[in-house]
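Step one of this worksheet: look at the structure below.
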Amino acid sequence: MAGILNAKIPEGPLDQKWTLHKENLKTVSPANRSRMHIIVVGTGLAGASAAAALGEQGYRVNVFCMGDSPRRAHSVSAQGGINAAKNYRNDNDSVQRLFMDTLKGGDFRSREANVFRLAEVSNAIIDHCVALGVPFARDYAGYLDNRSFGGSQVSRTFYARGQTGQQLLLAAYGALNRQVALGNVTVHCRHQMMDLVVIEGQAKGIITRDMVTGRIEKYPAHAVVLATGGYSNVYFLSTNGMSSNASALVQCWKNGAFFANPGFVQIHPTCIPVHGTHQSKLTLMSESLRNDGRIWVPKDKSLAKRLQEGSLKPSDIPEDERDYYLERRYPAYGNLVPRDVASRAAKERCDAGLGVNKTGKAVFLDFEKALETKGREMIERKYGNLFQMYEKITDENPYKEPMQIFPAMHYTMGGLWVDYNLMTTIKGLFAIGEANFSDHGANRLGASALMQGLADGFFILPYTLPDYLSTKIGELLPEMAHPAFVQASEKVKQRIRNLMEIRGRTPVDDLHRQLGQLMWEHAGIIRSAQGLTETFDGLEVLRERFGKETGIPGSDKTVNQELEKALHLEDFLLLAGLMVRDALHRKESCGGHFRVESQTKDGETLRNDKEFQYVAAWEYKGPGSEPELHKEPLEFRYIHVTERKYK
Amino acid sequence: MHFTLKIWRQAAPRAKGCFEHYAIDQVDGDTSFLEMLDMLNNKLVKENKETIAFDHDCREGICGACGLYINGRPHGPDDGITTCQLYMRRFRDGSEITVEPFRSKAFPVIKDLMVNRNAFDKILQAGGFVSVNTGSAPEAHTTLVSREKAEESMDASSCIGCGACVASCKNGSAMLFVASRVSALSLLPQGKPEASRRARAMVLKMDELGFGSCTNIGTCQMECPKKITVAHIARLNREFLYCKHSDLQE
């Protein structure tokens, strides 16, 4: 029987919950903070900002990252911008409107109180990032510039060219470095978290693998913060960095942290199309391009065919033969509809035989009109680096011919279930940024991931974590010789031995690519009960092959990137099953989760609020057993739940 | 396309390394250089041979993890890109391609093509930030920043910390890397108060870590994948001298 989860949302009016809650949260005196040890796993925007803010308060923080430097974390790749409700454009933006847009964008499957808090702290993020030296775009008078993103009718996105993620990460990394210099934070690079240590129901530390020496190490702490990002790489091809993985999340899930809405993933509409079988990743073209780019395919199939064969150029197609299908279907938002809507529309046109590109799996993103009306210089200043990147990859000049784009796996809204304090179902284990589930529901709006990462790290966790720590004053760290640490460490060593002993000859990449194809086909843009059910068998076959065929040459006592990939894939295979299970159980369409059985007659998502207005949180029940479903009912007291319309 | 690859193999930091030759065929021109290395590594797995270690992550030229010396140039023959943005159509079919790690005293080899660039983190820890605590920032529009300054700061701040400047410099100097951060922050009013202290602390740390001195050769500027210019080194020098001058007066 499914249990009901309590998110511990504070009482009071929506716009005062966070203020009142902060008054009630307990604090730790400065003298005690230096005796409290915190582990932060991950150094993206969420992890770096949390570690820096906690270091500033005087806690002892150990930070772990997989890369050779914290600055490599995948937040660095975010291009377009970061949202905030500053209303600098006087276009009637407000905290309330940002909250409404985010909740509606997520198709009413996120938690009202968390989303409001996110909108509430958004302005402080911009203030702090400016103070940290982020060179945001400015107008000639020196004021901050904004642009528009999908799913919103105001201009609230702050940006630093097409490198906003990089600039924000450099700021958070700078703040982290300052704490390292002050001795409050220690950074452990090239370390992968292998397991969580739980003692008497409380997170008390982690086990890591030093990726250079292969040493398995034990780190105790009073609390553990997970900031390890999302799991898009389940699909093999995604816009995520190659090393982004779900292993820390999966290990925490296996230790008792519930996994919420694992089937909610985001497929980004504007990416460079797949070109060949050896492709290792997909490259995003920022959503900001949809400010000036218009999306179209030919109206006529025969023209599409000639484009596919290469006997016609896009510029040969006259204006009245072009179908600007987003402007046609969604006149109110046009090319700026949310990502899930744009991705489905692109797939629909391509499935109807109207796709372009050799493969027929692409649509045009055209700047002809913008170049005409705004001039090349303006377009170059706004998107120069994106146009250059496109040309480098495709060998085609987007100033002359339109870009060709196609949807690709990009972000995961699902993640570890957390309460209002961002604590998981394991006491003392917190999850922030993309690693948790709470703010984006069934679809995330553009420029909101950066906002959430920094909100959690700079302004929320530094208030809620001390409340937990205040109950641990005077408590000593567990000894490394504690049986829980010894057992966890032995388990990790055994797991690695098992993998090394497979001694197969199949590269991990080959198996991973097959997992990706399976998931893309059945648990991607469009899902059906039949397709999802069949996926279980496919996953079982892949798991068996993984256990028998995987080839990992070399030793585990040195750098071994095949071993690293195998560890990630083993966890991806487990998580994929959970994602499919979640997608199968949710017999409604919402946001990016589109079930063919549940659609309107126009082919739009059809929610079923009566049965599915809840968060699905899954509990691990051991190998071979089915995970157990727990529900957190979603209540919307302050806004009226409506059909999500962008027409 | 097919290629002969001459690749540096080295088992461990202090082990003796050497070049090994590998043949690879059926490579499509649209395959990236790193995807070509993936193909080679997967071939090695099938032969149960140890794969070639190299750093990489985002594969879109922004994380700064990848960095290979290809045919004698960091990030290969093209200007203004990282290794991951290099495509095989850039090479002549049938040619031999030499692949080495970024070599510098301050970047010891970890394994094969993977080097330790931890020294960059240490330089930034010495002062590459604005000392502001979370929660104490004033409203963002309290201080205006001219568009020109913001754009120039952004140019400098584009540095991805890949280390091509160090690897290409005959002195193994990290001046362009240090200058990019010093310049990015000192151009903004928010970074101004600490500008000279920052420059001094970072330059001293750079010297301590074994990087060489700048002799104005300018290869760093030529090889920088983000086209950061030596003009920023001039600004670094100015901040550094200013600091030294104030020290003397005290």
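Values for this structure:
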item: Of all residues making up the stretch B:52-64, the number that are open to solvent by 10 Å² or more (accessible area, probe 1.4 Å), under 12 Å from residue A:71 (Cα atoms) and in contact (Cβ under 8 Å) with a residue 12 or more places away in the chain; result: 1
item: Candidates A:107, A:101, A:127, A:93, filtered to the one that is modelled with pLDDT of 95 or more, of a type outside the set (Phe, Trp, Tyr) and either farther than 30 Å from residue A:590 by Cβ or not assigned by TED's automatic domain parsing to the domain that holds residue A:149 (or both); result: A:127
item: Pair list, Cβ under 6 Å, 6 or more apart: the stretch A:618-647 residue of a type in the set (A, V, I, L, M, F, W, C), other residue open to solvent by 30 Å² or more (accessible area, probe 1.4 Å) and part of a loop (DSSP other than H, G, I, E, B); result: A:629/A:2; A:634/A:613
item: Whichever residue in the stretch B:81-106 is in a loop (DSSP other than H, G, I, E, B) and within 14 Å of the chain's Cα centre (by Cα) and, among such residues, is nearest to the other protein chains (Cβ to nearest Cβ); result: B:81
item: Answer from B:134, B:82 - the residue that is over 23 Å from residue B:219 (Cα atoms) and at pLDDT 95 or above; result: B:134
item: Candidate set from the stretch B:18-46 (those that are of a type in the set (Gly, Ala, Ser) and more than 23 Å from the chain's Cα centre (by Cα)); member that is surrounded by the fewest Cβ atoms within 10 Å (Cβ to Cβ); result: B:23
item: Residue in the stretch A:67-87 that is within 12 Å of chain B (Cβ to nearest Cβ), among the acidic types (Asp, Glu) and out of contact with any Lys or Arg (no Cβ under 8 Å at 6 or more places or on another chain) present; result: no
item: Single residue of A:450, A:499, A:445 found to be within 21 Å of the chain's Cα centre (by Cα), hydrophobic (A, V, I, L, M, F, W, C) and assigned to a helix (DSSP H, G or I); result: A:450
item: Hits in the stretch A:318-349 - residues which are of a type in the set (Lys, Arg) and surrounded by fewer than 16 Cβ atoms within 10 Å (Cβ to Cβ); result: A:328
item: Scope the stretch A:476-486; condition over 32 Å from the mean Cα position of the chain (by Cα) and surrounded by 13 or more Cβ atoms within 10 Å (Cβ to Cβ); matching residues; result: A:477, A:478, A:480, A:482, A:486
item: Qualifying positions in the stretch A:133-171 - within 10 Å of chain B (Cβ to nearest Cβ) and assigned to a helix (DSSP H, G or I); result: A:165, A:166, A:167, A:169, A:170, A:171
item: Residue check for residue A:494: over 30 Å from residue A:115 (Cα atoms), within 14 Å of chain B (Cβ to nearest Cβ), open to solvent by 30 Å² or more (accessible area, probe 1.4 Å) and at pLDDT 95 or above; result: no
item: Enumeration of residues in the stretch A:216-244 that are touching an Asp or Glu at 6+ places or on another chain (Cβ under 7 Å) and farther than 14 Å from residue A:206 by Cα; result: A:229, A:230, A:241, A:242, A:243
item: Qualifying residue in the stretch A:237-253 (condition: open to solvent by 10 Å² or more (accessible area, probe 1.4 Å) and modelled with pLDDT under 95); result: no
item: Evaluation of residue A:277 against (1) among the polar types (S, T, N, Q); (2) assigned by TED's automatic domain parsing to the domain that holds residue A:461; (3) open to solvent by 10 Å² or more (accessible area, probe 1.4 Å); (4) over 13 Å from the mean Cα position of the chain (by Cα) (one fails), failing number; result: (2)
item: Options A:451, A:423; residue that is surrounded by 24 or more Cβ atoms within 10 Å (Cβ to Cβ), at pLDDT 95 or above, more than 29 Å from residue A:237 (Cβ to Cβ) and not assigned by TED's automatic domain parsing to the domain that holds residue A:578; result: A:423
item: Residue satisfying condition, being within 24 Å of residue A:510 (Cα to Cα), in contact with a strand residue (DSSP E or B) (Cβ under 9 Å, 6 or more places away or on another chain) and at the interface with chain A (Cβ under 8 Å from one of its Cβ atoms), within set B:57, B:30; result: B:30
item: Helices (runs of 4 or more DSSP H) contained entirely in the stretch B:107-168, each with at least 1 residues that are buried (at least 19 other Cβ atoms within 10 Å of the Cβ) and at the interface with chain A (Cβ under 8 Å from one of its Cβ atoms); result: B:118-125, B:147-157
item: Filter result for residue B:48 (facing chain A (nearest Cβ under 9 Å), in a loop (DSSP other than H, G, I, E, B), at pLDDT 95 or above and out of contact with any Ser or Thr (no Cβ under 8 Å at 6 or more places or on another chain)); result: yes
item: In the stretch A:20-56, the residues that are assigned to a loop (DSSP other than H, G, I, E, B) and over 17 Å from the mean Cα position of the chain (by Cα); result: A:25, A:26, A:27, A:28, A:29, A:34, A:35, A:36
item: Residues (open to solvent by less than 40 Å² (accessible area, probe 1.4 Å) and closer than 17 Å to residue A:579 by Cβ) located in the stretch A:593-629; result: A:593, A:594, A:595, A:612, A:615, A:616, A:617, A:618, A:627, A:629
item: Top-ranked residue in the stretch A:548-590 [being part of a loop (DSSP other than H, G, I, E, B) and of a type in the set (Gly, Ala, Ser); ranked as nearest to the chain's Cα centre (by Cα)]; result: A:589
item: Test: residue in the stretch B:176-186 that is open to solvent by 10 Å² or more (accessible area, probe 1.4 Å) and part of a loop (DSSP other than H, G, I, E, B); result: no
item: Extreme residue, nearest to residue A:358 (Cα to Cα), among residues of the stretch A:301-322 that are touching a residue at least 24 places away in the same chain (Cβ under 8 Å) and not in a helix (DSSP H, G or I); result: A:310
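Conditions tested, residue by residue: (1) more than 30 Å from residue B:41 (Cβ to Cβ); (2) in contact with a helix residue (DSSP H, G or I) (Cβ under 9 Å, 6 or more places away or on another chain); (3) acidic (Asp, Glu).
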| position | (1), (2), (3) |
| --- | --- |
| A:425 | yes, no, no |
| A:467 | yes, yes, yes |
| A:486 | yes, no, no |
| A:502 | no, yes, no |
| A:506 | no, yes, no |
| A:511 | no, yes, no |
| A:520 | no, yes, no |
| A:529 | yes, yes, no |
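Okay, residues lined up against (1) farther than 30 Å from residue A:326 by Cβ; (2) open to solvent by less than 10 Å² (accessible area, probe 1.4 Å):
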| site | (1), (2) |
| --- | --- |
| A:145 | no, no |
| A:157 | no, yes |
| A:180 | yes, no |
| A:192 | yes, no |
| A:195 | yes, yes |
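The values are calculated or read from the model by the stated rules, or taken from the named source; none is laboratory data. For clarity, every value in this text was computed on a predicted model and none was experimentally measured. All Cβ positions, even for glycine, are placed from backbone atoms using ideal geometry, and neighbour counts span all protein chains on display. The accessibility values were calculated without ligands, DNA or RNA, using every heavy atom of the protein model including side chains. Shrake-Rupley method; radii C 1.70, N 1.55, O 1.52, S 1.80 Å.
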